[in-house]
Amino acid sequence: KIACLSLKSCLRSTITWRLFYRPINMERRDYNYYEANAATINMEKITSCEGNAKILHRLCADDPPRIIHLILGGETFSSNSFIFEGDDLGWLSYFIGKSECLLHLRINYLPGGEEGHAIVEGIARSKSIRYIKINNLSNDAFASIMRALGSLSQLEKLDIDDNSSVAPDGWSELGFLLESGVCKLKELFLCRNNYIGNEGMGVLSNGLIGIGSSLKYLELIDNSIGNEGLSSLVDALQTCTGLETLHLSGNDFSSAAAGLGSLSTLLQRYEVNLKDLNLSSCRINDEGLHALAEGAANHCEELDLDGNESITSTGLSYLSNSIRSDSCRVETLHLQGIPIGDDGLEVLARGLADSKSLWLLELDNSVDVSETSAGWLAFSRALCDTSSVNSTYLSNHTICDICIEDDEETIPRDI
């Protein structure tokens, strides 16, 4: 839809626009031409349709409705959408570069040739864009966008999702961009880019060093990262002292005990501010959890281990010992998707009994929650040991919520 509200009722005058491409040869003019004529032009006369004129006007309008969110490309077509036609695209490029209100640019498609080059030039001149999201571009288009971003010192958030066509030289351009230190990003999302892998992670790690302490949120989901890539990442994170959230789900750490151990050491020895660590569905096993548990428990407030099906009661015993420590800081622990039997529940209960920080625990719905279950009886004693008044006093009074995949009715009444 061409006129959907960008931030709902709080920004009713701010419009999101979606642009569509119809291949037409554009007349190539240089920046000086647009600069010389911009103040006196009539939008309706220089564009091929009324919709295009409205978009160009609102990119640089002083009064609402103004465009802060612009989408290039998409699957839905509307008669009111912007058509990449003739010199309309040249003017679009110019006004992207001149706009003071355009904050968010999403690029789903970039035409080739002069049309794509014009858009890239406009992006490179922007002084307002703070957030760019890139989806499924060709390698050449991706590389050209990365080079253009080298001019955007104001860029705060970069989201690169599902760009499976990007080759190593394209990822190298991203590495060069980050390593330059021009963009002091606060948030970086790299998701479902399978060709990153260990080799690509080595390149990108140098870029993370360039970002440094400004980075607050890093998401590297489903990027085929293993032990070598994780070790490279940990080395780079020593400079990212402001990082608060690290999301690594969907990678393969089945043989990454060394990398997980390095991550644990990083959390204990270096000045980092990590509060939220997500390692869900990373194929972590007991050995990996042993290497990770102490550092993660003593530093992070939220730890997500959902979906690591290879973890057994042996691995949970290492985690239990960490959460019962007085130095443990974990408040929220996610263990859904881990087949925890009675042995695992009893092990967790021992840690829970002495925990002074944990207030929310999420478990898989496969656990035996019958009132005769030895595991749940151990949980009951940890929460309220009624064997004596003193034992009741010394029971856990910190935890507030035990969730079994949001099904509270399955939890025994005494729990």
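The values are calculated or read from the model by the stated rules, or taken from the named source; none is laboratory data. Owing to the predicted nature of the structure, the values given are computational and were not obtained by experimental measurement. We place every Cβ from the backbone using ideal geometry, glycine too, and count neighbours over all the protein chains shown. Accessible surface is based on the protein model in full, side chains and every heavy atom, while ligands, DNA and RNA are left aside. Shrake-Rupley method; radii C 1.70, N 1.55, O 1.52, S 1.80 Å.
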Distant-in-sequence amide H partners of S325 (H built 1.01 Å from N, under 5 Å): none
Rounded tilt (10° steps) of 313-323 against the dominant C-alpha axis of the chain: 80 degrees
Amide H partners (placed H, <5 Å) of R106, local residues excluded: L70, I71, L72, K133
Counting DSSP beta bridges with both ends in the chain, the antiparallel % (nearest 5): 5 percent
Radius of gyration and Dmax over the Cα atoms of the range 270-375, both given in Å: 12.9, 46
Under 5 Å, built H, 5+ apart or other chain: amide partners of I404: L363
The range 122-242 - Debye-derived log10 I(q)/I(0), Cα point model, q = 0.10, 0.11, 0.18, 0.22 Å⁻¹: -0.25, -0.31, -0.88, -1.37
Candidate lysines for bridging to K133, where Cα separation is under 21 Å - those fewer than 8 sequence places away on the same chain excluded: K1, K8, K98, K157, K184, K186, K216
Options [x] 22; [y] 42; [z] 26 - which one matches percent of Cα pairs over 35 Å apart as calculated here: [y]
Nearest 10 degrees, 0 to 90: helix 374-383 Cα axis against the chain principal axis: 80 degrees
Cα gyration tensor shape for the range 211-284, rounded if a/c is under 1.5, else prolate or oblate: prolate
Sulfur and carbon atoms: percent of accessible area, the chain [1.4 Å]: 45 percent
Calculated from backbone phi, Karplus (6.51, -1.76, 1.60) coupling profile of the range 292-300 in Hz, x at Gly/Pro: 8, 3, 5, x, 5, 5, 7, 10, 8
222 nm mean residue ellipticity, helices alone, for the chain (DSSP H n ≥ 4; -39,500 (n - 2.57); rounded to 500): -11500 deg cm²/dmol
FRET E, pair K275, H57, Förster distance 51 Å, beta-carbon r, rounded to 0.05: 0.70
Derived scalar couplings ³J(HN,Hα) [the range 387-397; Karplus, 6.51 cos²θ - 1.76 cosθ + 1.60; whole Hz; x for Gly, Pro]: 5, 7, 4, 5, 5, 5, 4, 8, 5, 6, 10
The chain: relative contact order as a whole-number percent, Cα under 8 Å and 6+ apart: 7 percent
Average accessible surface area per residue within the chain, 1.4 Å rolling probe, Å²: 44 Å²
Acute angle (nearest 10 degrees) that the helix 50-59 long axis makes with the longest principal axis of the chain, alpha-carbon atoms: 60 degrees
Karplus 3J(HN,Hα) series, Hz, for the range 171-186 with 6.51 cos²θ - 1.76 cosθ + 1.60 (x for Gly, Pro): 5, 4, 5, 5, x, 4, 4, 5, 5, 5, x, 5, 8, 8, 5, 9
